[in-house]
1. Give Val103, Val90, Val77, Val145 a once-over and let me know the one that is of a type in the set (A, V, I, L, M, F, W, C) and within 30 Å of Glu13 (Cα to Cα).
2. Can you tell me which condition Gly218 does not meet? The list is (1) more than 16 Å from the ligand (Cβ to nearest atom); (2) in a helix (DSSP H, G or I); (3) within 19 Å of Ser26 (Cβ to Cβ); (4) in contact with a Leu (Cβ under 7 Å, 6 or more places away or on another chain), and all the others hold.
3. Just one of the numbered conditions (1) surrounded by 19 or more Cβ atoms within 10 Å (Cβ to Cβ); (2) at pLDDT below 95 is not true of Asn153; which one?
4. Filter segment 136-169 down to residues that are away from the ligand (no atom under 16 Å from the Cβ) and closer than 25 Å to Ile224 by Cα, then give me how many there are.
5. Which condition number in (1) touching a residue at least 40 places away in the same chain (Cβ under 8 Å); (2) touching a Gly at 6+ places or on another chain (Cβ under 9 Å); (3) within 15 Å of the ligand (Cβ to nearest atom) is the one that Asp199 fails?
6. With Asp20, Asp104 as the choices, which residue is in contact with a Gly (Cβ under 6 Å, 6 or more places away or on another chain) and either of a type in the set (D, E, K, R) or away from the ligand (no atom under 16 Å from the Cβ) (or both)?
7. Of the residues Lys69, Lys40, which is away from the ligand (no atom under 13 Å from the Cβ) and surrounded by 16 or more Cβ atoms within 10 Å (Cβ to Cβ)?
8. Assess whether Asp76 counts as being at pLDDT below 95 and either more than 13 Å from the ligand (Cβ to nearest atom) or assigned to a strand (DSSP E or B) (or both).
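The values are calculated or read from the model by the stated rules, or taken from the named source; none is laboratory data. What you see is a predicted model; the values in this text were computed from it and never measured. Please note: Cβ atoms are built from the backbone with ideal geometry, for glycine as well, and neighbour counts cover all protein chains shown.
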Amino acid sequence: MGETENSIKNNIEQIWKRIDNALARSGRQDDEVTVVAVSKTVGPEMVLKAACNGIINFGENRVQELCQKYDIIKKDVNWHLIGHLQTNKVKYIIDKVKLIHSVDSVQLAREIQNRAQKAGRIVDILIQLNVSGEDTKFGANPEIVMQLLKSINTYPNIKVKGLMTIGPFTEDSEAVRLVFRELKKIFIDIKKENIDNIDMTYLSMGMSNDFEVAIEEGSNIVRIGTAIFGSRK
Ligand SMILES: *Cc1c(COP(=O)(O)O)cnc(C)c1O
């Protein structure tokens, strides 16, 4: 137990160093990167340990797990929904999440709008794009992103804050880099359109195995699980 806790502290320190180095390498030393610690399958005591070591953002990919930890962790932390979200589960998280990273359809956005309106809040979201084209993944086809944005744009209780993607599952870091570069390009193209109510602030890309490449390509939110908490069972 003591050892795991110490390694969480060390892991977090290492990650901040690696982030600083990646920022410096890419001439972005003044930029800020948000670390979302991905706590799926990780017990609440480990989440608390990370929170005691400066982590304020946590990511979950399952609604039920997010809700359970939300109730247990009394500390003032932010919860991010990073995984595929079914429309029938939106109601459970609408008042709990800081940011939903995984909006990839108008139907899902419409449900978020309805629930957010009932809850009397404005919910921040990212649009998840499937840039790599791997068919195992969720995320909208980049070709329909403008169309998607123009629909979501009419929803008063949703604020689009940026884009998210998952890098391809490959050891080839140059292939990964091209995917991240493509998302950054789409991000800039959308920014240039200056669409009302669409704010391109966050680029959520990079996980334990590829966050440095992602930062070199412009990411400002990285979602890191294994490199903080160790490998999942
Ligand atoms: C699990 C997960 C992560 C973190 O993955 P690691 O490789 O453990 O860092 C990041 N993003 C999403 C969407 C995930 O589901």
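1. Val77
2. Failing condition for Gly218: (2).
3. The one condition Asn153 does not meet is (1).
4. 5
5. Going through the list (1) touching a residue at least 40 places away in the same chain (Cβ under 8 Å); (2) touching a Gly at 6+ places or on another chain (Cβ under 9 Å); (3) within 15 Å of the ligand (Cβ to nearest atom), Asp199 breaks only (3).
6. Of Asp20, Asp104, the one residue that is in contact with a Gly (Cβ under 6 Å, 6 or more places away or on another chain) and either of a type in the set (D, E, K, R) or away from the ligand (no atom under 16 Å from the Cβ) (or both) is Asp104.
7. Details: Lys40 fails: away from the ligand (no atom under 13 Å from the Cβ).
One residue alone meets the criteria, Lys69.
8. Numbers: at pLDDT below 95: yes; either more than 13 Å from the ligand (Cβ to nearest atom) or assigned to a strand (DSSP E or B) (or both): yes.
Yes, satisfied.
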